[in-house]
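So the structure is just underneath, and the comments pick up after that.
The values are calculated or read from the model by the stated rules, or taken from the named source; none is laboratory data. Only a predicted model underlies this, so the values are computations on that prediction, with no experimental measurement involved. Cβ: placed from backbone, ideal geometry, glycine included. Neighbour counts: every protein chain shown. For accessibility, only protein heavy atoms count, side chains too; no ligands or nucleic acids. Shrake-Rupley method; radii C 1.70, N 1.55, O 1.52, S 1.80 Å.
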Amino acid sequence: MRKLFGRRPSAGTIIAFVALCVALGGGAYAATHKKVEYKGLSKNARLKVLGVSSTNANTGTTPCDPTTSTVYKDCTSVQVNGSTGFPRRYFVVFDGVLNGGGSPASGECRLELDNTALVGTTNKLHTEGGDSAVGINIVTVPSGGKHEISVACNETSGDVKLPTYQLSAVQTR
């Protein structure tokens with residue numbers, strides 16, 4: 001013990017101690033004062049922006065009936081209105097039932113954002129006459145503002161019909 005306190009601290013030790021006190025004091029000072037807001041919104045305001053979702057479903061009353069292979073027919077769509085200050089991604093889910101009317105049928109369905117096909121969402125459809133399930137899931141690129149997310153289908157052979165389907169879009173972080 002006598003050796004530890006027997007001599008005076010050097011100038012470097014004193015400067016290091018003062019620097020340590022200033023560094024710790026700066027963090028304490030920053031924690032007690034107003035924070036700088038990101039893009040004009042506090043953290044609580046940014047979290048309130050979340051929670052945008054929309055769903056549209058058909059239970060068989062009016063089936064989607066595409067008629068050609070060259071033109072995609074919009075079967076259903078949802079409107080989303082997200083924050084422009086903090087663009088978010090949308091988790092989009094489409095589920096449906098394909099019916100060929102008792103005979104083989106085939107076609108394609110895809111998701112579209114503002115009538116532009118989303119890459120990687122085209123799903124080839126085929127049924128041997130009975131019912132077949134259709135499903136497409138994707139997380140979109142970040143987008144803010146008002147948008148329309150839709151499902152468009154065509155038929156390449158037979159008589160493709162989608163009697164029941166549901167499209168949902170939920171905003172994610």
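Counted by Cβ distance under 11 Å from residue 125, the other residues give a net charge of +1, where Lys and Arg count +1 and Asp and Glu count -1.
Protection proxy ranking for 158-165, 138-145, 88-95, using the average of other Cβ atoms within 10 Å per residue and placing the highest first: 158-165, 88-95, 138-145. Averaged over residues, the count of other Cβ atoms within 10 Å places the peptides 106-117, 11-22 in the sequence 106-117, 11-22, highest first. Mean projected area of the Cα convex hull of region 77-127, taken over all directions, amounts to 4.5 nm². I need the Kirkwood Rh of region 59-173: take the reciprocal of the average 1/r across all distinct C-alpha pairs and report it in angstrom. Hydrodynamic radius (Kirkwood, Cα pairs) of region 59-173 is 14.4 Å. Each other residue within a Cβ distance under 13 Å of residue 66 adds +1 if Lys or Arg and -1 if Asp or Glu, for a net charge of -2.
Compute the signed sum of charges (Lys and Arg +1, Asp and Glu -1) over the other residues within less than 13 Å, Cβ to Cβ, of residue 135. It works out to a net charge of +1. Solvent-accessible surface of protein heavy atoms, probed at 1.4 angstrom with all chains present, puts 62, 70 in the order 70, 62, largest first.
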